[in-house]
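*Asks:* Attaching a single structure in structure tokens format; questions to follow.
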Amino acid sequence: SQVNSPHGPVQLSGGRLLYAGKELWHGEHRVGVCQSTDDGQTWSWLAQIPTREGDDPKNYHELHAVEAADGRLIVQIRNHNKTNTGETLQTESTNGGKTWTTPHEIGVWGLPSHLLRLADDRLLMTYGHRRAPLGNQARVSDDHGRTWSEAIILSGDGVSGDLGYPSTAQLDDGSLVTVWYENMAGSPNAVLRQAQWTLES
């Protein structure tokens, strides 16, 4: 693919794969989305994501996308620009990814986020939180990504900020499993940790 991002592409309801990320290895280092219509064998550039006024797109990192139940596409961005630095920004598309809104703040300090559409069509974002409580947090949206809940603390016992990058999957019984990396006290190497948890309906 032309773009790179730790959580990779997502499959859309029509079968396309959508990959939100940035060009790291070639080209103009654009931030945007690619698509594949052949299960990832070939990729084509679809659209650039606009830059918020005053931002440098070089400070947008580690994007991830999800398709909401109302058909909107939502991409979240790890932001290191001066405005809202260390926060997650969000951009949306209502035309299948051809054009995107200017990234905007959503009031979430922490990054990078992983997005998941739940079986009940709510959206879930999970992200690392590298200040007290050190660990990983989640938020839920019941309006297709327009607003997000207060933080749910999945882990808060980290010994340093060297942790995060959570990914979450939903099991058949509706419960959730979140996996992240963490450097533990007294350990020379980071380990993978996981939490199994449930959301109130």
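The values are calculated or read from the model by the stated rules, or taken from the named source; none is laboratory data. Computed from a predicted structure; not experimentally measured. FYI the Cβ positions are ideal-geometry reconstructions off the backbone, even for glycines, and counts take in every protein chain you see. Side chains are part of the model used for accessible areas, which takes the heavy atoms of the whole protein and leaves out ligands, DNA and RNA. Shrake-Rupley method; radii C 1.70, N 1.55, O 1.52, S 1.80 Å.
*Asks:* For the range 144-168 and the range 4-38, what is the separation of their Cα centres, given in Å?
*Replies:* 24
*Asks:* Still on this structure, please answer the following. With an 8 Å Cα cut-off and a minimum separation of 6 or more residues, compute the relative contact order for the chain in percent.
*Replies:* The normalised contact order for the chain reaches 12 percent.
*Asks:* Fully extended, how many nm does the chain gain between Thr37 and Thr102 (0.36 nm per residue separation, minus their Cα-Cα distance)?
*Replies:* 20.8 nm
*Asks:* Quick one: grab the alpha carbon gyration tensor of the range 24-100, order the square roots of its eigenvalues as a ≥ b ≥ c, and give me rounded if a/c is under 1.5, else prolate or oblate depending on whether a/b is larger than b/c.
*Replies:* In terms of gyration-tensor shape, oblate.
*Asks:* Let me ask something else. Can you tell me the dipole magnitude for the range 58-131 around its Cα centre, using point charges on the Cβ only (Lys, Arg +1; Asp, Glu -1), in Debye to the nearest 20?
*Replies:* 340
*Asks:* Under 8 Å for C-alpha pairs, at least 6 residues apart: give me the relative contact order for the range 24-96, rounded to a whole percent.
*Replies:* 21
*Asks:* With a/c under 1.5 counting as rounded, go ahead and sort the range 106-188 into rounded, prolate or oblate using the C-alpha gyration tensor (a ≥ b ≥ c being the square roots of the eigenvalues; past the cut-off, prolate if a/b is larger than b/c, else oblate).
*Replies:* oblate
*Asks:* Let me ask another. How much of the accessible area of the chain, probe 1.4 Å, is carbon plus sulfur, in whole percent?
*Replies:* Its accessible area is 47 percent carbon and sulfur atoms.
*Asks:* Turning to a different aspect of this structure: Give the accessible surface of the chain per residue, rounded to a whole number of Å², with probe radius 1.4 Å and ligands, DNA and RNA excluded.
*Replies:* Accessible surface, normalised per residue, equals 48 Å².
*Asks:* Under the 0.36 nm per residue contour assumption, what length would be gained going from the current alpha-carbon distance of Leu171 and Trp197 to full extension?
*Replies:* Extra length available between Leu171 and Trp197 comes to 8.3 nm.
*Asks:* Just how large is the dipole of the range 60-201 about the Cα centre, in debye to the nearest 20, putting +1 at every Lys and Arg Cβ and -1 at every Asp and Glu Cβ?
*Replies:* Taking the Cα centre of the range 60-201 as origin, the dipole is about 500 debye.
*Asks:* Please give the length that would be gained between Arg30 and Val159 if that part of the chain were fully extended, namely 0.36 nm times their separation in residues minus their C-alpha to C-alpha distance (nm, one decimal).
*Replies:* 42.9 nm
*Asks:* For the chain, modelled as a Gaussian network with Cα springs under 10 Å, which listed residue fluctuates most, Thr126, Thr83, Thr99?
*Replies:* Of the options given, Thr83 has the highest mean-square fluctuation.
*Asks:* On to the next question. Spelling out what I want: for every residue of the range 17-27, take phi, set θ = phi - 60°, compute 6.51 cos²θ - 1.76 cosθ + 1.60 (Karplus), and round to whole Hz; glycine and proline get x.
*Replies:* Per-residue couplings from phi come out as 9, 10, 10, 9, x, 9, 6, 9, 9, 7, x Hz.
*Asks:* Can you find, among Pro166, Asn79, Gly27, the residue sitting farthest towards the positive end of the charge dipole of the chain, where Lys and Arg contribute +1 and Asp and Glu -1 at Cβ?
*Replies:* My answer, from the dipole projection, is Gly27.
*Asks:* State, as an integer percentage, the relative contact order of the range 57-144 based on alpha-carbon contacts under 8 Å between residues 6 or more apart.
*Replies:* The normalised contact order for the range 57-144 reaches 22 percent.
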